Amino acid sequence: MLNPETETTSVVVNLKDPDRSISLFLKMTIKLRDYGYIDPCVFYVRHGLEDCSPAIDVEGPFDTGMIKVSSAVSLGSIAYFFAHNCTNYLIIDFSHPPATREYSRFPCEMIITKLLLVDETIYVFGYKKSWGLCAYTFDLNGSKWESLSLPKLGRLYEGRFVVASLGDKLLALHVDNQLQSVYDPKLKTWNSVDYKGLLSHFCSIVDYPISVKEHNTIYWLDEKANIRAFDYQLSIHYYGPIVGFAHEPLVMGRESHTAPLIHLMGGLFAIVWKKGDTDLHLTLVHISRGPKARSSIASDHHLLVNVVSCFQHHIDPDLVVHGAFKL
């Protein structure tokens, strides 16, 4: 049983104002209740939707200064903000208010297309105008940038290129070329792999997939705002619609960055999205695996995805959601 007075987690939301070309962030601190650990259906019966709203403290929006943020990662209370056209990056320590910030120099000028954190290493993928495709790693313990060799997946700048973490390793996929490769940071080598059926399902990815190490699973939202998952140990794909929205479903698009999926703890996830001009929503969902499918076909395995709480916050109508992450 969670103690709602002491058990908290924070979600930072990246916001952009396209007209003024500025980036902002909101810090949302959630006091968690015990709904993360019980059957959502039982929670509905006992409490009803009107009692589900979490206690959330919102701080901001705060300006990120010269960094026009396109992506960010965090480890503990420290967040790293990167621009799409990156020469510098911003480090913010949220551990003690007011948050402290520090600007640092990126190893080169590059266009960042993919960014993720695996264990305590940041992986950055992108390209330079003069050199073409490139990648870098940043060891958070050693505070050192190093160049990373790229996997042999064909012409990565043509078609869809997806990266995700597999436990302590890195998975790279070229959806159109039907190629997969895994990077081992200890050996510093890429090796070809073949997760059956994974590439066809990854065609549905809208935003970054997220990996939950303790589940051995990658999760993502598809174009119709359904939750999909892939267990990379069992090579099984799962799928489930979100049940319990009190309003119209999320509307997603191929280039959308408007509804990032965030893992909070256990089976509890958050979806951050904007409805209309001014309503920023944080929706908490509980995800679990349904009964074993009768068929051996991977797509027949089901996820149970239930809304357990919602929160709404008014923001400037010019702002759009560009990403979010857990501190």
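Can you confirm whether Glu146 is over 24 Å from Gly65 (Cα atoms) and either without any contact (Cβ under 8 Å) to a residue 60 or more places away in the chain or of a type outside the set (Asp, Glu) (or both)?
Details: over 24 Å from Gly65 (Cα atoms): yes; either without any contact (Cβ under 8 Å) to a residue 60 or more places away in the chain or of a type outside the set (Asp, Glu) (or both): yes.
Judged against the criteria, Glu146 is a match.
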Does Asp176 fit the bill of being modelled with pLDDT under 80 and either within 30 Å of Glu59 (Cβ to Cβ) or open to solvent by 70 Å² or more (accessible area, probe 1.4 Å) (or both)?
yes
Identity of the residue in segment 242-267, farther than 28 Å from Thr8 by Cβ and surrounded by 15 or more Cβ atoms within 10 Å (Cβ to Cβ), that ends up modelled with the lowest pLDDT
Ser256
Out of all the residues in segment 87-110, which are in contact with a Gly (Cβ under 8 Å, 6 or more places away or on another chain), open to solvent by 20 Å² or more (accessible area, probe 1.4 Å) and not hydroxyl-bearing (Ser, Thr, Tyr)?
Arg101
Looking at (1) touching a residue at least 24 places away in the same chain (Cβ under 8 Å); (2) of a type outside the set (D, E, K, R); (3) closer than 26 Å to Asp63 by Cβ, find the lone condition where Tyr136 falls short.
(3)
Starting from segment 254-273, keep only residues that are closer than 20 Å to Leu304 by Cβ, then list their pairs with residues that are among the aromatic types (Phe, Trp, Tyr) and at pLDDT 80 or above whose Cβ atoms are within a distance under 7 Å, requiring at least 6 positions of separation or different chains.
Ala259/Trp273; Leu261/Tyr219; Leu261/Trp220; Leu261/Phe269; Ile262/Phe269; Ile262/Phe325; His263/Phe269
Every residue from segment 133-173 that is modelled with pLDDT under 80, open to solvent by 30 Å² or more (accessible area, probe 1.4 Å) and farther than 28 Å from Glu214 by Cα:
Leu133, Lys152, Gly154, Arg155, Tyr157, Glu158, Gly159
For Tyr195, state whether it is closer than 25 Å to Ile262 by Cα, open to solvent by 50 Å² or more (accessible area, probe 1.4 Å), at pLDDT below 80 and in contact with a strand residue (DSSP E or B) (Cβ under 9 Å, 6 or more places away or on another chain).
no
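The values are calculated or read from the model by the stated rules, or taken from the named source; none is laboratory data. Being a predicted model, the structure only gives us computed values, none of them experimental. Glycine gets a Cβ as well: all are built from the backbone with ideal geometry, and neighbour counts include every protein chain shown. Quick note on the areas: whole protein, heavy atoms, side chains included, nothing else; ligands and nucleic acids left out. Shrake-Rupley method; radii C 1.70, N 1.55, O 1.52, S 1.80 Å.
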